[in-house]
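Below you'll find the structure, written out as structure tokens, and then a few comments.
What follows is calculated from the coordinates using simple rules that are stated; it is not laboratory data. Note that the structure is a prediction, hence the values are computed from the model and not measured. Glycine gets a Cβ as well: all are built from the backbone with ideal geometry, and neighbour counts include every protein chain shown.
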Amino acid sequence: MGARTPLYQEHVNLGAKVVDFAGWEMPLHYGSQVEEHYKVRGDAGMFDVSHMTFVDLSGGRAREFLRHLLANNVDRLQQPGRALYTCMLNEQGGVIDDLIVYFLDEMRFRMVVNAGTHDKDMAWIVQQAAAFEIDVKELTDVALIAVQGPAARDKVHLRLSPSAREKAEALAPFNAVEVGGLFISRTGYTGEDGYEVMVPQAQAVEFWRGLLESGVNPIGLGARDTLRLEAGMNLYGADMDENITPLEAGLRWTVAWEPEDRNFIGREALKAQYNATPSRKLVGLILDDRGVLRGHQRVIVDGEAVGEVTSGSFSPILGKAIAFARVPYEVEGSVLVEMRGKQLPARVVKPPFVRHGKACFE
């Protein structure tokens, strides 16, 4: 039996199909993955993401430590509650994990990292923190509920106290606020607006049920994956890993090179790649034939296998299969994807595939 979040029984009660995900028993869907996808794009849906790893870093050198640990620059975080998306790299420039870091105050930062990388992430963070005398505390008594969609914020506001509602309504994207025992962040993994709300475990079921009463639809991991793919968001372990640099994963924008004296882990290894044309890149694919794009399918150019699909699925909004693929830098236009002994035509595009609920391509 895998680990269970505080909301596990709620998922079972709602008829969820429960599957193993990174050692956790999580809801794949509650009946129809496609219907759940549309509910998020058109209204509001909520995801139990309590399996993620939550880490508070505190100490007088917390900012200095994160300037060293992360490829993006936490000096961009000057206002309490401000958030930053970044990668944590190894010495070779490969991605140990991608994460969000929050500035709480000069003595305290919070990070949210992936569930499937928990052990190696924690080991790496603790190892690197030792030289900076940083206290590393994993938060194990909280749950996280992501509420996403065009109506998400309004429906969350219905469940908040007047003071919490006022502060949440004032949040700009990629900002968070601590109020009334909640940590409310205007972030997400779907391409839609909304919140990720961290609540004490003892309050998780009550908050979840309140959202249900407000008309928020429960959404499983299946739709979460198609939503993030449509939005052009990478999946760790598929589109990037410790052997792939951010420059090869379409995440060049997450590497902050200034100031030059910020010696973040992996910087030296990235220099040669940054100053030259990368040998490979991550692109979007749209299949203009019947079929579903899946990871590890080969990408063919001029009769030769030159790359492979890293993650793919069917896009409900486009009505076609879409994917990310890693290919040589010069590849563009049209390619073939090998699928069950056939080679089917696909278009190379620049993600996202969907923005604000509307298709970016025909």
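Using the crude model of +1 on Lys and Arg Cβ and -1 on Asp and Glu Cβ, and no other charge, please compute the dipole size for the range 279-359 relative to its Cα centre, in debye to 20.
Working: 13 positive and 8 negative charges, 80 e Å.
The calculated dipole for the range 279-359 is roughly 380 debye.
Assuming a ≥ b ≥ c are the square roots of the Cα gyration tensor eigenvalues, decide whether the range 279-359 counts as rounded (a/c under 1.5), prolate (otherwise, with a/b larger than b/c) or oblate.
Details: a/c = 1.99, a/b = 1.34, b/c = 1.49.
Taking the square roots of the gyration eigenvalues as a ≥ b ≥ c, the range 279-359 is oblate.
The range 86-124 and the range 310-349 have Cα centres spaced 30 Å apart. Using a/c under 1.5 as the rounded threshold, could you call the chain rounded, prolate or oblate? The axes a ≥ b ≥ c are square roots of the C-alpha gyration tensor eigenvalues, and prolate needs a/b larger than b/c, oblate otherwise. Verdict is oblate for the chain.
Going from the fewest other Cβ atoms within 10 Å to the most, the residues Trp208, Trp24, Trp257 appear in the order Trp257, Trp24, Trp208.
Restricting to DSSP H runs of at least four residues, report the calculated mean residue ellipticity at 222 nm for the chain, -39500 (n - 2.57) per run over all residues, nearest 500 deg cm²/dmol. Numbers along the way, then the final one.
Working: 9 runs with 81 residues, N = 362.
It lands at -6500 deg cm²/dmol.
Each residue of the range 45-56 was assigned a 3J(HN,Hα) from its phi angle through the Karplus curve 6.51 cos²θ - 1.76 cosθ + 1.60 (θ = phi - 60°); the sequence is x, 10, 10, 7, 10, 5, 6, 5, 9, 10, 10, 9 Hz, with glycine and proline shown as x.
Among the listed pairs Lys39/Lys320; Lys39/Lys358; Lys155/Lys320; Lys17/Lys39; Lys137/Lys167; Lys281/Lys350, those with a Cα-Cα distance over 21 Å are Lys155/Lys320; Lys137/Lys167. The range 30-83 and the range 136-161 have Cα centres separated by 11 Å.
For the range 77-90, the Karplus equation 6.51 cos²θ - 1.76 cosθ + 1.60, evaluated at θ = phi - 60°, returns couplings of 9, 10, 9, x, x, 5, 10, 9, 8, 7, 10, 10, 10, 8 Hz by residue, with Gly and Pro reported as x. Close amide H contacts of Gly295 (hydrogens built in the peptide plane, cut-off under 5 Å, sequence separation of 5 or more or a different chain): Gly312.
Could you tell me what percent of the DSSP beta bridges with both partners in the range 279-359 are antiparallel, to the nearest 5? Taking every DSSP beta bridge with both residues in the range 279-359, the antiparallel ones total about 100 percent. When the charge dipole of the chain is built from unit charges on Cβ atoms (+1 for Lys and Arg, -1 for Asp and Glu) and taken about the Cα centre, the candidate among Gly222, Gly93, Val19 whose Cα reaches farthest toward its positive end is Gly222.
Normalised by 2.2 N^0.38 Å, where N counts its residues, the alpha-carbon radius of gyration of the range 15-171 equals 1.18.
What is the magnitude of the charge dipole of the chain about its Cα centre, with +1 placed on the Cβ of each Lys and Arg, -1 on the Cβ of each Asp and Glu, and no other charges, expressed in debye to the nearest 20?
Details: 39 positive and 49 negative charges, 143 e Å.
Roughly 680 debye for the chain.
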